[in-house]
Amino acid sequence: MDHPIKIALVSAFDYAFPGGINDHIRNLAIQFNEWGHSVYILAPCSTQDNIHEPNFIPMGKPVPIPGSGSIARVSLSVLLRPRIKKLLEEKKFDIIHVHNPFAGFLTANVLSLSNAVNIATFHGFGSPGLGYQIIYKLGASKIAKRYFKKLDGLIAVSEPAREFISNYFPGDYKVIPNGIRLESYTDNVKPFAHLKDGMINLLFVGRLEKRKGLKYLLAAYRRIKWDFPNIRLIIVGPGKPDQDSQRIINEGNLKDVIFVGPVSDEDKIRYYKTADIFCSPATGQESFGIVLLEAMAARKPIIATSIEGYSSVITNGIDGILVPPKNDYALADAIKSLLNTPKLLDTISNNGHKKVQQFQWNKIAKNIMDMYISCLNSKVNARNE
């Protein structure tokens, strides 16, 4: 398409809170803006203190909904509808791209009022829980199914995500994965010098939620600390350790565990550069796993659980090591295996770095833009018939 497209990217989730979906939207906006398109981001937002995107439009305050080991921060306000209607009339978007369209009221309301070409990306993958029941049972209602018919293009971020959402909304989904900005991971980005002190650095990156499995990594770390006293565990991400995690730290008298807390994107990359091994012990409900791409981009060996979302990214023994979830013994054995076999560590690191090339954001965004253009052309042709 020769002329710029006016695009609305709509998130169901608190844009001030870090997470894979908002990172996905942010990177899409960056790429589309670079290509000369006009991009707006609509999302609920608890605070705008650290939001610097141009054309960000806050839409209501999110409320936390507990789920299975996670918290969904979505807007449930029915009062936004007149504001959404006015905004859509003023902006006259060519494309409205909603992400998890039936998670909360914002995305569903935008879709119901839209006269544009409507695209949806489904990121979800999970198991029953309170938040899941609210979001997906609301989503599977007759009203939502009527809105679903307004969608012109369907995307799932992985095959597990496609299978999951098809149980509720059958359709012709195209699998387009998450992406990574490899240019951010150049050799110019340096590790933290004070952590490159001869210690072996294990790295965990993620929200400190139950489903992320931190307690299993802590238990594995405690097991290998006797054999590798010079090993350290660095934990990057928002939240506080749960009671089980804190108990493991206290009982094991673990001194070399560092809780960094939330960090900027720039510092997060520096922590990846600082790591010797990256571990992601999630117990489930991961549709893809952006952290895996981040570790691959930093050329770090990965140990992760064999949950469906991770298995769709990693080939076990080739570009990562997969272990059963909730198994600290297997996790400890995998860490020891890498530490005792430097050649395997290097091979996995290099293979991961080769694989991640296919996930560059310019390639992912082009696939999405191709869907936009195809759906726009189809709508124009239908009007002319």
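Which one is nearest to Ser312 (Cα to Cα), of the residues in region 127-179 that are small (Gly, Ala, Ser), crowded, with 22+ Cβ neighbours inside 10 Å and at pLDDT 55 or above? Among those residues, the one meeting the criterion is Ser158.
Could you list all residues from region 10-43 that are over 21 Å from Val74 (Cα atoms) and part of a helix (DSSP H, G or I)?
The answer is Ile30, Gln31, Phe32, Asn33, Glu34.
Selection within region 280-327: residues that are of a type in the set (D, E, K, R) and at pLDDT below 95. The member of this set that is surrounded by the most Cβ atoms within 10 Å (Cβ to Cβ) is Glu286.
Within region 353-369, is there a residue that is assigned by TED's automatic domain parsing to the domain that holds Val117, touching a residue at least 40 places away in the same chain (Cβ under 8 Å) and over 21 Å from Gly289 (Cβ atoms)? Yes; the residues of region 353-369 include at least one that is assigned by TED's automatic domain parsing to the domain that holds Val117, touching a residue at least 40 places away in the same chain (Cβ under 8 Å) and over 21 Å from Gly289 (Cβ atoms).
On the given criteria, is Pro342 free of Cβ contacts under 8 Å to residues at least 24 places away in the same chain and either in the same structural domain as Ile235 (by TED's automatic domain parsing) or closer than 22 Å to Leu182 by Cα (or both)? Break it down into steps so the answer makes sense when it comes.
Working: free of Cβ contacts under 8 Å to residues at least 24 places away in the same chain: yes; either in the same structural domain as Ile235 (by TED's automatic domain parsing) or closer than 22 Å to Leu182 by Cα (or both): yes.
Yes.
Looking only at region 192-228, filter to residues that are part of a loop (DSSP other than H, G, I, E, B) and aliphatic (A, V, I, L, M); which one of those is farthest from Thr283 (Cα to Cα)? Step by step, filter region 192-228, then rank; the result is Met199.
Listed here are the residues, each with its yes/no results for (1) touching a residue at least 60 places away in the same chain (Cβ under 8 Å); (2) outside any loop (DSSP other than H, G, I, E, B); (3) in the same structural domain as Leu217 (by TED's automatic domain parsing).
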{"residue": "Gln246", "(1), (2), (3)": "no, yes, yes"}
{"residue": "Asn250", "(1), (2), (3)": "no, yes, yes"}
{"residue": "Val263", "(1), (2), (3)": "no, no, yes"}
{"residue": "Arg270", "(1), (2), (3)": "yes, yes, yes"}
{"residue": "Lys273", "(1), (2), (3)": "yes, yes, yes"}
{"residue": "Phe278", "(1), (2), (3)": "yes, yes, yes"}
{"residue": "Glu286", "(1), (2), (3)": "yes, no, yes"}
{"residue": "Leu293", "(1), (2), (3)": "yes, yes, yes"}
{"residue": "Met296", "(1), (2), (3)": "yes, yes, yes"}
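Could you please give the count of residues in region 303-324 that are part of a loop (DSSP other than H, G, I, E, B) and more than 19 Å from the chain's Cα centre (by Cα)? Residues flagged as part of a loop (DSSP other than H, G, I, E, B) and more than 19 Å from the chain's Cα centre (by Cα) within region 303-324 amount to 5.
For region 161-176, check the following and say yes or no: at least one residue is among the hydrophobic types (A, V, I, L, M, F, W, C), over 21 Å from the mean Cα position of the chain (by Cα) and outside any helix (DSSP H, G or I). Yes. Scanning region 55-66 turns up one or more residues that are among the aliphatic types (A, V, I, L, M) and over 27 Å from Met371 (Cβ atoms). Search region 5-42 for residues being under 21 Å from Pro177 (Cα atoms) and among the small types (Gly, Ala, Ser), and hand back the single one that is farthest from the chain's Cα centre (by Cα). Checking each candidate, the answer is Ala8. Evaluation of Asn350 against the conditions (1) assigned by TED's automatic domain parsing to the domain that holds Gly213; (2) in contact with a strand residue (DSSP E or B) (Cβ under 9 Å, 6 or more places away or on another chain); (3) not hydroxyl-bearing (Ser, Thr, Tyr) shows that the sole unmet condition is (2). Screening the candidates Ile364, Ile348 for the property of being closer than 16 Å to Ile318 by Cα and among the hydrophobic types (A, V, I, L, M, F, W, C) yields one hit, Ile348. Residue check: Lys300 meets all listed conditions (1) within 24 Å of Asn351 (Cβ to Cβ); (2) charged (D, E, K, R); (3) assigned to a helix (DSSP H, G or I) but one, namely (3). Is it the case that Leu331 is within 19 Å of Ile248 (Cβ to Cβ), in the same structural domain as Arg270 (by TED's automatic domain parsing) and surrounded by 19 or more Cβ atoms within 10 Å (Cβ to Cβ)? Criteria met by Leu331.
Scanning region 176-233 for residues that are within 19 Å of Val356 (Cα to Cα) and hydroxyl-bearing (Ser, Thr, Tyr) yields a count of 3.
Check region 84-95 and report whether any residue there is in a strand (DSSP E or B) and either assigned by TED's automatic domain parsing to the domain that holds Leu208 or not hydrophobic (A, V, I, L, M, F, W, C) (or both). No: region 84-95 contains no residue that is in a strand (DSSP E or B) and either assigned by TED's automatic domain parsing to the domain that holds Leu208 or not hydrophobic (A, V, I, L, M, F, W, C) (or both).
Of all residues assigned to region 57-77, at least one qualifies as being under 30 Å from Pro238 (Cβ atoms), under 25 Å from the mean Cα position of the chain (by Cα), part of a loop (DSSP other than H, G, I, E, B) and at pLDDT 90 or above. Within region 166-212, how many residues are basic (Lys, Arg) and either in contact with a strand residue (DSSP E or B) (Cβ under 7 Å, 6 or more places away or on another chain) or under 24 Å from Met369 (Cβ atoms) (or both)? Counting residues in region 166-212 that are basic (Lys, Arg) and either in contact with a strand residue (DSSP E or B) (Cβ under 7 Å, 6 or more places away or on another chain) or under 24 Å from Met369 (Cβ atoms) (or both) gives 2. Inspect all residues belonging to region 199-207 and state whether any of them is out of contact with any Phe, Trp or Tyr (no Cβ under 8 Å at 6 or more places or on another chain) and surrounded by fewer than 19 Cβ atoms within 10 Å (Cβ to Cβ). Yes: one or more hits.
The values are calculated or read from the model by the stated rules, or taken from the named source; none is laboratory data. In this text, all values refer to a predicted model and were calculated from it rather than measured experimentally. Virtual Cβ from ideal backbone geometry, glycine too; neighbours counted across all protein chains shown.
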